[in-house]
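Participant: Just dropping this structure here.
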Amino acid sequence: MLNFIENLAKEAGIMAQNQRKHLSSAGIHFKNERDIVTDVDRQVENFIKTKIAESFPDHAILAEESGVSKEHDSEFLWIIDPIDGTTSFVHDMPIYSVSIGLHRNGKPYAGVIYAPRLGELYSAELGKGATLNGTPIHVSTRDSLVNCLAETGFACLRAGLKENNLKHFCRIAPQLRGIRRDGSAALDMAFVAAGRVDFFWEMFLQPYDIAAGEIIVQEAGGRITDFQGGNDYPLGHGIVVSNGIIHDRVLEQLALD
Ligand code: IPD
Ligand code: CA
Ligand code: CA
């Protein structure tokens with residue numbers, strides 16, 4: 001199964017990269033003033049869904065651009081973000097990914113994140129560890145904020161929400177070694193799993209942003225909670241993804257008003 005997902009993510013990523021050359025303004029559409037989707041997002045999503053349906057016709061699928069495509073109950077649910085980081089993709093920035101997650105009986109079972117411009121394939125299956133391009137990965141061991149590199153995002157700003165991440169950013173960033181906003185929540189999570197980044201937090205992400213990253217981080221020894229340390233992520237109270245060691249310090253910072 002993991003082999004199937006890895007090959008599918010790679011094919012989809014190469015398709016996205018190739019189709020980028022033909023992207024024109026006519027192929028860029030607006031979900032709202034700043035939230036864009038391209039014809040390539042839709043094409044890649046259709047490709048992924050078709051391949052899954054060919055091999056697993058009884059499985060259910062939830063995809064970012066077309067929603068839930070199988071109403072009946074199924075043991076397996078595929079959760080797809082065809083291009084995570086569409087803004088970067090449109091601006092020809094290299095950090096974007098194809099993210100394919102698979103749930104079994106409602107729980108994370110497998111996940112693959114492929115970044116074609118980086119040539120990086122992150123992959124995990126329940127109980128079998130996580131890998132980057134086939135090499136096992138594990139979260140970092142840094143235990144103090146001053147030694148940490150963090151990632152965050154600002155979906156809240158794009159959505160024009162009052163309750164936004166700027167207050168958290170301004171409080172936390174000055175305490176860190178460094179902070180990045182790379183534009184792909186899936187890759188932000190993958191970078192934590194690989195031990196490159198020590199923690200990531202964001203508000204207002206969607207299930208398809210995190211489905212693959214969740215199992216990859218868990219299998220790499222990381223911890224994932226909502227902002228209050230619970231499991232109501234990502235739709236409830238934000239999401240915090242970390243090496244586990246620094247997690248409670250991050251929760252303390254996010255709890256400050
Ligand atoms: C976006 C990216 C971004 C995050 C946004 C997401 P999309 O995904 O993951 O990093 O901050 O909230 O919507 O829209 O490019 O698939
Ligand atoms: Ca996304
Ligand atoms: Ca997307």
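What follows draws every value from the coordinates through simple rules; no lab data is involved. All of these numbers come straight from a predicted model, not from anything done at the bench. All Cβ positions, glycine included, derive from the backbone under ideal geometry; neighbour counts span all protein chains shown.
Participant: Pop the C-beta distance of residue 179 and residue 33 into the FRET formula with R0 = 22 Å and round what comes out to the nearest 0.05. Mind showing how you got there, number by number?
Facilitator: Working: r = 26 Å, r/R0 = 1.18.
The computed FRET efficiency comes out at 0.25.
Participant: When averaged across all projection directions, what area in nm² does the alpha-carbon convex hull of the range 20-140 cover?
Facilitator: Numbers: hull surface 36.6 nm².
With the hull built on Cα positions only, its mean projection is 9.2 nm².
Participant: Taking 8 Å as the Cα distance limit and 6 or more residues as the minimum spacing, I'd like the relative contact order of the chain as a percentage.
Facilitator: Details: 585 pairs, mean separation 43.6, N = 257.
Rounded, it is 17 percent for the chain.
Participant: With Cβ to Cβ distances under 12 Å as the rule, what net charge do the other residues near residue 2 carry (K, R +1; D, E -1)?
Facilitator: With Lys, Arg at +1 and Asp, Glu at -1, the net is -2.
Participant: Hey, what number do you get for the chain at 222 nm if only DSSP H runs of n ≥ 4 count, each worth -39500 (n - 2.57), divided across all residues, to the nearest 500? Walk me through the numbers on the way to the answer.
Facilitator: On the way: 8 runs with 83 residues, N = 257.
After summing the helix terms and dividing by the residues of the chain, the value is -9500 deg cm²/dmol.
Participant: Quick one: if you take sqrt(5λ) for each eigenvalue of the C-alpha gyration tensor of the chain, what semi-axes come out, biggest first, whole angstrom?
Facilitator: Details: eigenvalues 152, 89, 60 Å².
Each semi-axis is √(5λ); the values are 28, 21, 17 Å.
Participant: Along the Cα-to-C-beta direction of residue 206, a point sits 7 Å from the Cα; which residues of the range 7-33 have their amide N less than 12 Å from that point?
Facilitator: Counting only backbone N, you get 31-32.
Participant: Hey, quick one: spin label on residue 1, modelled 7 Å out along Cα-Cβ, who in the range 109-142 has an amide N within reach, i.e. under 20 Å?
Facilitator: 109-114, 122-132, 134
Participant: Over its Cα atoms, what ratio of radius of gyration to 2.2 N^0.38 Å does the range 115-233 give? Before the final figure, lay out each step's value.
Facilitator: Numbers: Rg = 14.2 Å, N = 119, 2.2 N^0.38 = 13.5 Å.
Its radius of gyration relative to the 2.2 N^0.38 Å reference: 1.05.
Participant: So what is the relative contact order for the range 1-115, in percent, with contacts set as C-alpha pairs under 8 Å and at least six apart? Spell out each step's value before the answer.
Facilitator: Numbers: 185 pairs, mean separation 27.4, N = 115.
Taking the mean separation of contacting Cα pairs over the length of the range 1-115, I get 24 percent.
Participant: Okay, moving on. How many angstrom lie between the Cα centre of the range 19-44 and the Cα centre of the range 136-214?
Facilitator: Cα centres, the range 19-44 to the range 136-214: 25 Å.
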